[in-house]
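The values are calculated or read from the model by the stated rules, or taken from the named source; none is laboratory data. Not measured: the values here are computed from a predicted model. Cβ sites come from the backbone with ideal geometry, for glycine too, and all protein chains shown count toward neighbours. With ligands, DNA and RNA removed, areas are computed over all heavy atoms of the protein, side chains included. Shrake-Rupley method; radii C 1.70, N 1.55, O 1.52, S 1.80 Å.
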Amino acid sequence: MPLPTSVESLLNSQNIHYDLATAPVDANNQPLWHDQHLRNVGAAKAVLLEDEKGRILAVISADTLLDLNAVNRQMDRELRATNQDAVRQFCDTYSLQSVPALPKLAGLPTLVDKQLLRRESLLLDSGDDTQLLHINRDDFQQVLEDAIICDIATPLDPLEVDISAERDEEQILGAVRNFTQLRIRQRLEETLELPPLSETAQRIINLRVDPNADISDLAQVVETDPSLAAQVVSWAASPYYSAPGKIKSIHDAIVRVLGFDMVLNLALGLALGRSLSIPKDGPEGYLGYWQKSVYMAATIEGLVTAIPREQRPTFGMAYLSGLLHNFGFLILAELFPPYFSQYCRMTEANPHSTHQPIERHLLGVTREQLASTLMSLWSMPEEVVVALRHQNNPRYQGEHHQYAKLIYVAERLLLQQGVGLGPKLEIPASVFADLHLDPDKAQATVINVMESLDDLDHIALQLSPR
């Protein structure tokens, strides 16, 4: 396939010598900028940024994270990533599929991370999703005549290394010391200044460990919280579960539709989710907290069912882990308000990166560390603590690893379907093997979820604050 005409004309006018290389793409021909090969060779990508003064172009290596703070210091501006609709309009204007890593194409002021100039040759985004431009350093410098060469990116590799869970408390306290004006106290839960576990959640946890607890006990606890009761009934009555007749009570929801274990965990997940405010800000393309939670819980529900019964983890714990998988997002927004806004803008500017490197870069701690630590302080089941902490670590083999890997698989399956925010990543065969999960059955599960999105959105809408 030939280069876009606008790119070819620019290269020819500058007498730039180039070769073409095939770009790794997914099943929909979308570029995989998280691909390890592109990162190893330091392929260069471009990001459009803008503020009220206009647009600029930033060019960085695929193995780095664009640092918006560094860009704004350099330009003395308040730039953020151009929204997706405007990027598409820009590409349409120049008959492109993506924004090329070529400064002179649109005459925009351009910042180029100086790490790129340390390479003898470069692979550049060509504006065609399926091809990369291979040029040498001298030719690349020729098109940088009017560009600003500066430090605007930080390497991704160190930010992606997960530390031992034993150091979570140390890192969280360090983050609080560095980024808030709170007085440091001895106890972590006081330092975080987050609300205590609600009375409803405490009563549900007590029911969980009571071997004599029955349907009446659970119904009584849920019914004492009218808002929670309404949400559970709404969940059971949703088209997704196709319950016959009307659901008139919590007892109905338990006996006729959801079952004791599911209502127990559903009520607990809802109670915890309501303990923190849902942030109004969020990166472009971000699914609402409850929408993402519902999608994940439904996907994990199907995955557990697809696992042979003798290897199947506890359904209730898996479902609860799915509901709470993104609880750390709420903690980030609650605990670090100024930096949460920066996180949102950095995420928009770095679609090739997962959220963990961005959080480590800004805060020195991730949402997974925060969420699992707080769950432990709240005496939540160890299965949930482990699931939330290790949900992005496919190599974790400790006790309860299945719950973490179910979240890992569910999130990536949804991302591959275009649901959620982040790069589309492959799922290692070893993870399916550890779960005793057939990859084809896993794919069938997510397809079923995709066909039910309207029903799941109805559930999420009932849970979202009005």
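For the reader, a short list of remarks on this structure follows.
- The condition (being touching a residue at least 60 places away in the same chain (Cβ under 8 Å), on the phi < 0 side of the Ramachandran plot, over 27 Å from the mean Cα position of the chain (by Cα) and surrounded by fewer than 19 Cβ atoms within 10 Å (Cβ to Cβ)) is satisfied by just one residue among Gln142, Gln84: Gln142.
- Selection count, the range 277-291, where residues are within 13 Å of Ala333 (Cα to Cα) and either in contact (Cβ under 8 Å) with a residue 24 or more places away in the chain or open to solvent by less than 50 Å² (accessible area, probe 1.4 Å) (or both): 7
- Residue that is nearest to the chain's Cα centre (by Cα) [pool: residues in the range 355-400 that are open to solvent by 30 Å² or more (accessible area, probe 1.4 Å) and under 28 Å from Gln443 (Cβ atoms)]: His355
- Candidate set: the range 195-222, residues that are closer than 30 Å to Leu332 by Cα and hydroxyl-bearing (Ser, Thr, Tyr); chosen: the one least open to solvent (accessible area, probe 1.4 Å): Thr200
- Any hit, the range 296-308, residues being in a helix (DSSP H, G or I), out of contact with any Pro (no Cβ under 8 Å at 6 or more places or on another chain), of a type in the set (Asp, Glu) and more than 22 Å from Gln220 (Cα to Cα): yes
- Counting the residues of the range 409-452 that are open to solvent by less than 20 Å² (accessible area, probe 1.4 Å), at pLDDT 95 or above and outside any helix (DSSP H, G or I) gives 1.
- Complete set of residues in the range 318-339 that are of a type outside the set (Gly, Ala, Ser) and either in a loop (DSSP other than H, G, I, E, B) or open to solvent by 10 Å² or more (accessible area, probe 1.4 Å) (or both): His325, Asn326, Glu334, Leu335, Phe336, Pro337, Pro338, Tyr339
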